[in-house]
Structure formats: C-alpha cells, structure tokens
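Just so it is clear, none of the values below were taken in a lab; they were calculated from the coordinates. Just so you know, these numbers come straight off a predicted model, no measurement behind them. Methodologically, a virtual Cβ is constructed for each residue, glycine included, from the backbone with ideal geometry; neighbour enumeration extends over all protein chains shown.
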Amino acid sequence: MTLSLVVLLPFLGAIAAPLFAQAGRTAIAIASSVPALVALMALFPYWKRLSEGGVLVQTYDWMPSIGLSLSFRLDGLSLLFALLILVIGLLIILYARYYLKPQENVGKFYALLLCFKGAMLGIVLSSNLLLMLVFWELTSLVSFLLISFWNHKKDARRGARMALAVTGGGGLALLAGILLIGRIVGSYELDDVLAAADLIKAHALYPFALTLVLLGAFTKSAQFPFHFWLPHAMQAPTPVSAYLHSATMVKAGIFLMARLYPALAGTEQWFYMVSFTGMATLLIGAYVALFKHDLKGLLAHSTVSHLGLITLLFGMGTRLAAVAALFHVINHAIFKASLFMAAGIIDHETGTRDMRRINGLWRFMPHTATLAMVAASSMAGVPLLNGFLSKEMFFAESLALNLPGFWAYVPPLIATLAGIFAVAYSARFIHDVFFNGKPVDLPIYPPHEPPRYMKIPVEILVFACIMVGMFPAISIGPLLYAAASATLAGDVPDYQLALMHGFNLPLLMSFLAFFGGLLMYSQRQRFFDFHARFKEIDEKAVFEKVAMRMEDLASTFTNKLESGSLQRYAMLLVLSAIAVAWRPIEELGVFIGANGLSPIDVPTLIGAVVLILCAIGTAAMHRSRFDALILLSVVGLMVALAFARFSAPDLAMTQLSVEVVTIVLLMMALYYMPSWTPIEASWPRRLRDIAIALVAGIGMTLITLAMLTQPFESISGYFLEHSKSGGGGTNVVNVILVDFRGFDTLGEITVLAIAALGIYTLLKNTQLAPPPGDGHGHPWTRDAYPVMLRQIARPMLPLALMISLYIFLRGHNMPGGGFIAGLITSVALVLQYIASGIQWTQARIPIRYHNVIGLGLLFAAVAGAGSYAFGYPFLTSTFGYITWPVVGKFEVASALVFDLGVYLTVIGATLLALVSLGNLSPHSATTHIKGGL
Amino acid sequence: MELVYALTIGALTASGVYLLLRARTFPVIVGLTLLSYGVNLFLFSTGRLVTGGQPILGSTDSYSDPLPQALVLTAIVIGFAMTAFVVVLALRKQADHHDDHVDGRESSARLLPEDEEDYDR
C-alpha cells in the first residue's frame, strides 16, 4: 500500500497543483512539495529494515494473464534512487519558484514536473518489468513535454522531438528485451528474474535480450552513439535540465543496468558492450564539453561523459566497480544538479549563456560564484569534495581491470585522459565565467545576485558535496552499502570510504589529470584552433535529415501499397486470402474425408447445374448489365431452393424474399447508371483476373469438399434439447434468433438500421438524372405504371399483409418469424411503389420509415430490458399459450415482442433504402421504371 | 452430392471474384452479391447436407444443425443491407463524378457505344 501510494501521490499532486496556479508561484510551489514530503515520511520507517538488506515487495494483480501486476519493490537500490528523485525534486520545486516568471504557465510546469516525478518513482519502485516499462515510457513522454515547455521556440520543439524519438525508440527495444527475458524466465516479476540469472545467461536468446535491454538503457542514459539528444534537450527550462538531465531521467538507464546487474552482467558480451560504450561516451563527452561556448552545453556534454564513466564502471563487471558506479551516481547527481542551477541563475541574471560574453562575474555575484566554483571543483575531482572520491575509485578500478597484454594500459590511459578533459572544462567553467576580464555586451547589465531563496537549493547541494567529500563513511556510507547490497544481490565486497588511501597509483593519476587539465586549459587557444579545423556536425540537422528520409521512405511505401485503386486493393485482398489459405489446404492432402460422398438425385443435380451455369453466365455477360442481373436473380432463386432442399425452410424463405428486394434494388440502381460496361482491361489483364478467380474458386471447392466429408460434432444438441422447454418454440432456428442468441440478433438489426440510415443520409441531397434511354437508342416506355400491374398490386397488399402476419405469428413453432415476415411485408409495400409510383403510395401510406426503424429497435430493446423488471438477465424470455381460430394454438412469449422489433426494423430499413433510391431522380413522381417492372 | 455442392460454391466464388476485380461499380456489386451467396452456402453447409431434417421439433426424427441456419439467416439480411449500402455508394459516386469507375479517377472510356464492335456482348 505504502509504495503504490508513494508512486501515486505525485500524479495526484499533478492534478491538484494547477488549481493553485492562480494563488501565485509560492502557493503552487508549496502545494507541489506535499507529495514528496509525504512520500519521504512514508518511506522513513522502512530505513532500518532496508539498511539491513531487507526487501519490501507489495503486489496487486492487474492483468495476471499477461504477467503484468502492480507490484512494487523497495530495497537499497530503489531507495537510493527514490531519495535522489524526492530530495532533488524538492530543491527543484523551490528553485523553479524563482526561476519561472509570473506570466509563465506555472501550473502546467509544476503539473508536468510532478507527473515526471511520479513516473520516475514508478521506474525505480516497480517490481514487475512490464510495469516498469509503462513508467519508463511515461518519463519519455513527460520529458518531451517538459523540454518543449517553451513551445514557441523552434529549437525547443526540435530538441524535444529528438529526445522523444531517441528515448522512445530505445523504449521499444527495451520492451522487446523485457519480453524476451519474460519468455526465458516465464515471469516478469523482478524476484523471479533475478533468481533465474544462470538460466538467462545460458539461454540462446540471451545475446538478443541483452542487446535490446542495453539499447533501452543506452538511449535513455545518452550513451554514444545516442548521446546527441541530451545536449539538444538543453532548450528546456533550467530546472528541468537540473532535474531530468542530471539527477533523474538520464540515470534511469543506469538504474536499469544496476537493477538487472545480477541477471545480465558477468558475461563477455556484457563486458564488451557496456564497457566499450561507456569508454567511448566518457571520452567523447569530455572532449566536446571543452569546446562548448554555451554554459549548459558544456554541462550537458560533461553529463554525457560522466554517464559514460558510470556505464564503464558497470561494464567492468567487478563488484567493486559496481559500488564505485553507484557512488558516482550519487555524487554526480549532487554536483551536476547544483551546477545546472548555478548556470540557470547566471542565465537568469545576465540574459545569456554564452561563455564568450559572460566573464568576470565574481565582482557581481560572489556568493553564487563561490557555490558554483565548489561544485565545479567537485566535478573536476578536486580532493575533499565528493567527486574526488568516486573518481579515485574509478581510477583504481581501471587499473584493476585484467586485460591481456597491451590492452591492460588502455582503460587507465583513457581514464586519465578523460580526467584531464574534465579538469580542463571545469577550469573553463570557473575561470571563463567568473574571472577572465569583464563581461562583454550582456543583455542584462549589471548582473545581480539572485533572490535569496533561489540560492538555497544550490547551497544545500554544495554542502552535500563537501559533507560527502570529507566524511563519506558517515554521510553516505550506509545508504551506499544498502544500495550496493541490493545491486549485487547481497554479495558486497570490502571497500573503504576514506579521504585518502595513501600514496598510490590512482592518486598519481588524479594528480596527472589535475595538472594536465590545468595545463590544457592554459593552452586552450591552441586546442580551440585545432578543434576549429574540423567541421562541426550539426546533430540536429542530421537527425532532421534522417527523419525526413524515413518519412519519405514511409510515404513512398504507403503510396505504392495504397495507390487509391480499389481494383488493386481487391486483387491484393483476394491474393492474400489465397496465400493465407494455401498452406493449410496443401497440408490437408486428401480432400475427401472419412465420411465419403453421398449419392445425388437428379433434380438436385439439375438445380446445381443451373446454378453453376447462371453464376458463370453472370460473370461472362456482365458487360450487358441487365442480362447479368436477370441471371443473378436466377442464381439467388436457386440458392433459395438449395436451402429448401437441404432442410432449411427458414433460410429458403428469407433468401427468397431478400432476393426479390435485392433485385428490385439493383434494378432501380441500374436505372440511373449506364446499362453497359465498356471494355477497359486488356486481354492479359482479363486472363490474369480469370486465373485469380479460378484459383479462388478451386480453393473454395476443395475446402468445402474436405469439410463436408469430415465427421463432425455440433453444439446444437443443446439448442435442440432446450428449444421447447427453455424457449417455448419448436422452430429451433427462430428460438435461437430471438432467445438463445437474442443479443446477437439485437446487434444485427441495429446494423441493419444503421445501414438504412446511412443510405438515407448519403442520398438525402443528391439528385441524379437518369440517362434518357437504354444506351442503344431506345427511349424508355411511356407507360410508367402499367394498368395491369396496378390493378393486380392493389388487392395484393392486404393479402400479403395477412400472410406476413400469419408467418410472423407462427414463426416460433413453424418456419417464419420476424425477419421473414418483415421481408414479405416489405415486398408487398415495394410492389405498391413500383406499380403506382412513390407519390401515390406515399400519400396513402404516410409513414416515415425512420420512425419504424426506431420503433423496432425500441421494441427489441424493451423486450430485452423487460426481463430486468423480473430480476432476470437481459433478454430472458418467458412464454404462455393462446389458441386462436384458424391460426391454432400458439404461444405468446416475451420473445414475440422482440421478434416484433425485428419485424419492424426490417420493414423500416428495407423501405427507407428503396424509397430513398426512388426519390433520387428530380422527377421521381413521373419517372419511368425501367424494363416495365 | 458433396462434390456437386462444393463445385457450386466454387463456381459462385470464381464468378464473384472475377466480377470483384472489374473496374466499374455495377459489376463489382454483382460480384459481391455472388460472393455472398457462396459464403452463405458455405457457412450453411458447416452443419452438413441433411435431407428432410428441418429443425422443427416433432416434424421429423433427426434434425439438421439449426445453429448455422440461424447464423446464415441473419447473414442474408445483413448481406442485403451491405449490398444496399454499396449500391448507394455507387450511385453517389455516379452523381458526384458522372462516372462509375471504382478507382475514383476520371475515366477516358466512353459510356455510350458509338460502335457495337467495342463491346463484346
């Protein structure tokens, strides 16, 4: 409970904080610090348990089926990071109070900051790898919003996009890596993963899982070659840089490496990948930092370099190196956050961050200068400050690395070289900014000391630098031990946190770095000239170019696939269906199953032959549309007969009535369209289409044949058994429709209603003039509404309505029901429209079919919901029996009301569609229905 | 029996697919209709071909499978709604573009024949 609360609180705070924005910056800053204070208080009681190596795990189920649970874990490592996040977060809140201007969107800033804090806490406290990934992605998203906080600046937007692309891409890789780990281990819970270390390392998938996880860690922690996003993220407001880009987000990748250290580290792959990446990052970051004129640019590259150092330490794979890495995580967070804040103060007070313009600030802000100088010395690794201690450990570890032959010299050399650069850029930070002549052309002149409280966070951090530097064992010892114990799974090596370990090789390296760095800084002009000879790579431009190229590639691909040609889509669809079905059909092998073929009778054979011929004829004669339509109607009728032949009277009746309505519909459509299809496709094209069609047809034949001759088992026994007793009807098909599967039917009539309304809307304001004749020079017949048809149609109506009522009422027991009765009524009404014209009919049947649809759906829904009133679930039916003369005994079921809904919806939908079509022509009252219909 | 039934479905599918690949709206609609006949017959036959076994309780000794019948019954009605909708889309296309090509581009082909040779009826 406690841990999930610690993670949840900042998010709650993010919702609440903006409410205080109106009350001013102080109020919102106070409100925003509440979650962190409460969290610190909540975590405090656990300290004793954790310092003894205890672990606290709290788990709630979320989605157990995929192995995702809300499980949180507090141990030394997560405590160390949680404290960094919470404490530095508090300092940032105070600092930002003075950094932001009153007219800025303070509410948004604090809300995002708190969101970020919650996400970060989620990463370090998650005990489930999938859950951790959720928070991991959340930090990427929120950092995007924070970097682009000043979204009116183009550079800020670009920098944010770059950061999101790189860290988000890494997040995807991490997801894949975690899934692989989960697959190897069979669980995403950290306890299981750490316990399965040997299994993971021996598994064939280990190299892939490791690479993917490291990709995630390296992108997040700005390791070479993904480091470029971090300097460009410096467009963020400085509190964001101080928080995200020194203490927290960039440490997430480091945290991941530490968290999974027992499970993944200790192999050759780990050693080479992690240590070489770290080494490259260390050196490149330190080198570039020296040449940056932008104050924050210098700090950003220095951060890259220090992150490389930590990575290198983890890569070395020794337990002492891991301790050193954790120690440096703490130290770097402390001095870098304070330096960023100092840089922010300087920017705030002078209006610029260009070190060629800000010189000699010592005279204007001695207090800030002192703080910044102490922090920068710590960054350089000056004794008595915390940076010195971990750097010393780093030097010692680089010497202890047992590489063969010549390679043994490489790590210490690189370490010393990076140390020299670090001293040089730190010296530049101190000398260039606070001394070195007078300020040049400052936007704000003269600069002042910042407000008193803005310096407090810096003071606290600098004080921590000194405390840790001078009394490491007391100030940080226990926390570091707890973290190391959690990282190394309890196996902590002996180490001593002391100011001096005597005169040894590491100390010599420190001296070398110190004086070498000062020498390098004093000769900086030569290095600057040397560096200036190389063309500087603008990573942002390169990134944009690559992004643009990817976009072009993607759109080319999309355009190729999505050409806008329906013919092409249809072809691809059919081809892919064939491709998918191909293998299974091939594997089937034998197409005539165990049941074998049954003999055929002559009438059925004749019917099948007629059907096949008409189907092929429809395709062959499709160019003459009217002829094709006639053949199509024969096909439909034969299908109805097939249903009747094979014991499906309901289907036969439905098919028959639908067939009539469909043909009428197509006939009406044809009235407005050309009666002929021109030849457009070449012969090869048509042959290709015929080939595709034949393959599809043969495939369907084989599948059907194989299926029909297999023995099978059906779940229908249940329906047959319970139809009478449970649904009160003997027509099982109808009982399934209105009772067993009533909810499906409700969905289906809703679709029907939506389709009809869609048709109405599509045609509402459309007018379409029909062609004057049949396309062969023959005009339409003058006799629009033939007398004979009119005279027969009118008396047919009551007769048809009575039949449909009969079919409707008996539907539960005999073939019939709402669908069929609805269709029969529709056909009867449509006949009136055809025989006498829309206006004539409309005047006599003044029904708005929209209302009929609505009423139908209402009936169906009410019939379903009615069962609630009796305490039964939706669509439970009940029934009783009534005897009517002629109709006989039939039962009245609540399902009958439902069926009435179906009936009305079918009528409404069919007639709305057809009448909308009929109204299409400008003179529909006097239009001639083609073909004498 | 099964072989003839399967051939019927094959013929409906082949004709339907061929028409589906045509360039004008009307043949495509006809093709879709043929295809849906084929699909309905196929789904129906998952209950196997039974003679004289209508699933009306008490009317016969053994019954055919009622479940595919119920599914196909709604499929027929929904199929009609779909056909109607596609027909209307085609008409709307005709109204808006004065053309019935499925790809939405202006067609260069003539709609009315000048010469009977152009059309193989």
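To make sure I understand, if each residue's beta carbon is the centre and we count other beta carbons within 10 Å, what order do A:K336, A:K108, A:K101 fall in, fewest to most? The partial results should precede the final answer.
Working: A:K336 26, A:K108 15, A:K101 9.
Taking fewest neighbouring Cβ atoms as first place, the list is A:K101, A:K108, A:K336.
Counting partner chain Cβ atoms within 10 Å of every residue's Cβ in A:609-616, what's the average?
Neighbouring Cβ atoms belonging to other protein chains average 5 per residue here.
In percent, how large is the relative contact order of the range A:284-522, given Cα pairs closer than 8 Å and 6 or more residues apart?
RCO, the range A:284-522: 29 percent.
Over chain A, calculate the relative contact order: mean separation of alpha carbon pairs under 8 Å at least 6 apart, over the residue count, as a percent.
Relative contact order comes out at 8 percent.
When the helix-only estimate is applied to the protein assembly as shown (DSSP H runs of n ≥ 4, each -39,500 (n - 2.57), divided by the residue count), what is the mean residue ellipticity at 222 nm, nearest 500 deg cm²/dmol?
-22500 deg cm²/dmol
Mind checking A:688-697 for the average number of partner chain beta-carbons within 10 Å of each residue's beta-carbon? Present the calculation step by step, with values, prior to reporting the outcome.
Values: counts 1, 6, 4, 1, 5, 10, 5, 3, 9, 12.
Mean shielding by partner chains, rounded to a whole number: 6.
Taking θ = phi - 60°, what integer Hz values does the Karplus form 6.51 cos²θ - 1.76 cosθ + 1.60 yield along the range A:40-56, in sequence order, with x for Gly and Pro?
Rounded to whole hertz, the list is 4, 5, 5, 7, 3, x, 8, 3, 4, 4, 6, 5, 8, x, x, 10, 10.
Which residue, chosen from B:T83, A:V458, A:Y46, occupies the Cα position most advanced towards the positive end of the dipole of the protein assembly as shown, where the dipole is computed from +1 (Lys, Arg) and -1 (Asp, Glu) charges on Cβ about the Cα centre?
Checked the options; the winner is A:V458.
Let a ≥ b ≥ c be the square roots of the eigenvalues of the Cα gyration tensor of the range A:755-830; is it rounded (a/c under 1.5), or, if not, prolate (a/b larger than b/c) or oblate?
Because a/c hits 1.5 or more and a/b fails to exceed b/c, the range A:755-830 counts as oblate.
Fewest to most neighbouring Cβ within 10 Å: what's the order for A:H328, A:H431, A:H306?
Fewest-to-most ranking of A:H328, A:H431, A:H306: A:H431, A:H328, A:H306.
In straight Cα distance, which lysines are under 22 Å from A:K764, not counting same-chain residues fewer than 8 positions off?
Of all the lysines, those that pass the test against A:K764 - Cα under 22 Å, at least 8 places apart if same chain - are B:K93.
Find the centroid of the Cα atoms in the range A:177-222 and in the range A:428-450, then give the distance between the two in whole Å.
Going from one Cα centre to the other spans 49 Å.
If neighbour count is taken as other Cβ atoms inside 10 Å, put A:H850, A:H301 in order from fewest to most.
Values: A:H850 14, A:H301 27.
Taking fewest neighbouring Cβ atoms as first place, the list is A:H850, A:H301.
Holding the Cα-Cα limit at 27 Å, pick out from A:K117/A:K545; A:K153/A:K220; A:K296/A:K540 the pairs that are longer than that.
Correct reply: A:K117/A:K545.
For a protection proxy built on the mean count of beta-carbon atoms within 10 angstrom, sort A:312-323, A:755-766, A:480-491 highest first, please. Mind dumping the intermediate values first?
Working: A:312-323: 22.9, A:755-766: 17.4, A:480-491: 20.9.
Highest-to-lowest ranking by the protection proxy: A:312-323, A:480-491, A:755-766.
By how many degrees, 0 to 90 and rounded to 10, does the Cα axis of helix A:539-561 deviate from the longest principal axis of chain A?
10 degrees
Taking the highest mean first, how do the peptides A:790-799, A:265-274, A:289-298 order by number of other beta carbon atoms within 10 angstrom per residue?
Answer by packing, highest mean first, reads A:289-298, A:265-274, A:790-799.
Relative to the longest principal Cα axis of chain B, at what angle does helix B:25-45 sit, 0 to 90 degrees, rounded to 10?
10 degrees
Using the Cα centre of the protein assembly as shown as the reference point, and only Cβ charges (+1 on K/R, -1 on D/E), how large is the resulting charge dipole? Debye, rounded to the nearest 20.
Computed charge dipole of the protein assembly as shown: roughly 2800 debye.
Take the cross-link list A:K336/A:K391; A:K292/A:K535; A:K438/A:K535 and give me the ones stretching past 26 Å between alpha-carbons.
A:K438/A:K535
Provide a whole-number value for the mean count of partner chain Cβ atoms within 10 Å of the Cβ atoms in peptide A:702-711.
5
Would you work out the relative contact order for the range A:19-164, in percent, from Cα pairs under 8 angstrom that are 6 or more residues apart?
The value is 22 percent.
Helix A:2-16 versus the longest principal axis of chain A: what is the Cα-based angle in degrees, 0 to 90, to the nearest 10?
Roughly 80 degrees, rounded to the nearest 10.
Could you order peptides B:76-84, A:61-69 by the average number of other Cβ atoms within 10 Å of their residues, highest first?
Per-residue Cβ counts within 10 Å, averaged per peptide and sorted highest first, yield B:76-84, A:61-69.
Report ³J(HN,Hα) in whole Hz for each residue of the range A:836-853, in order, from the Karplus equation J = 6.51 cos²θ - 1.76 cosθ + 1.60 where θ = phi - 60°; Gly and Pro get x.
Each residue of the range A:836-853 in turn: 10, x, 5, 5, 4, 5, 4, 5, 9, 10, x, 10, 8, 6, 4, 5, 4, 4 Hz.
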